[in-house]
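S.K.: Following this message is one structure expressed as structure tokens.
Every number here is computed from the coordinates shown, using simple stated rules; none is lab data. As the structure is a computational prediction, the values presented were derived from the model and not from experiment. Every residue, glycine as well, gets a Cβ built from its backbone with ideal geometry; the counts of neighbours run over all protein chains shown.
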Amino acid sequence: MTETPITARQDWMSVLAKAPPARLAALMPDLPPHDLLRSPETGAVMVRGRAGATGAAFNLGEMTVTRCSVRLAGGAVGHAWVQGRDRAHATRAAVADALMQTEAAPRVRADVLEVLRAEAEGRRAARAARAAATKVDFFTMVRGEDA
């Protein structure tokens, strides 16, 4: 699948939204000057699910999210939606989104996004290894009288 500007942005916004807030703060301790277009505000969104991932959609429940929109001094606008009530996380993710639309994008990609992506993959692999350790293989042995 070819990556378009839209899918690329969806990818980095997903990485920023799922990043541990403390880790994102450590990777981006100083934010560039920015104006809040929409100050961080907390609300709820409806989470939908599908039985077996293919059935009819149903409302699973609500999830708390915080959203924020910023404008950098150069005019780039960034948006973020993050799970939970962490206003600083939403602001930092919105600033990172805005920076990814400027000439600073390669630096932000290397210093922030790729680090967060690698750490997330490490957590996913560790979780998969723990789950694999509990796997039980069931098999049927062929008995001689069945032949």
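S.K.: Over the range 18-68, what portion of Cα pair distances is larger than 17 Å, expressed as a whole percent?
M.R.: I get 62 percent for the Cα pairs in the range 18-68 exceeding 17 Å.
S.K.: Which entry in [x] 13.2; [y] 14.2; [z] 8.9 matches mean projected area of the Cα convex hull in nm² derived from the coordinates of this structure?
M.R.: Step by step, mean projected area of the Cα convex hull in nm² for this structure corresponds to label [y].
S.K.: Right, another one. If you average the C-alpha positions of the range 2-35 and of the range 46-112 separately, how far apart do those two centres end up, in angstrom?
M.R.: About 7 Å separates the Cα centre of the range 2-35 from the one of the range 46-112.
S.K.: For the ranges 16-24, 122-130, 93-101, what's the packing order if you count other beta-carbon atoms within 10 Å of each residue, average per peptide, and put the highest first?
M.R.: Those peptides, ordered most packed to least, come out 93-101, 16-24, 122-130.
S.K.: With contacts defined as alpha carbon pairs under 8 Å and 6 or more residues apart, what's the relative contact order of the chain in percent? All intermediate terms of the calculation are to be shown ahead of the outcome.
M.R.: Values: 201 pairs, mean separation 32.1, N = 147.
In percent, rounded to a whole number, it is 22.
S.K.: Continuing with the same structure: Residue 35 to residue 22: extension gain in nm, 0.36 nm per residue of separation minus the Cα-Cα distance?
M.R.: Difference between extended and current length: 2.4 nm.
S.K.: Between residue 3 and residue 131, what is the FRET efficiency for a Förster distance of 35 Å, r being their Cβ-Cβ separation, to the nearest 0.05? Don't jump to the answer; show the numbers that get you there.
M.R.: Details: r = 30 Å, r/R0 = 0.85.
Calculated transfer efficiency: 0.75.
S.K.: Taking 0.36 nm per residue of separation and subtracting the Cα-Cα distance, what length does fully extending residue 118 through residue 139 add?
M.R.: Numbers: separation 21, 0.36 × 21 = 7.56 nm, distance 3.66 nm.
Once the chain is fully extended between residue 118 and residue 139, it gains 3.9 nm.
S.K.: Moving on to the next point. Tell me the label-point distance for the pair residue 83, residue 59, using the 7 Å Cα-to-Cβ offset, in nm and rounded to one decimal.
M.R.: Distance between the two pseudo-spin positions: 2.1 nm.
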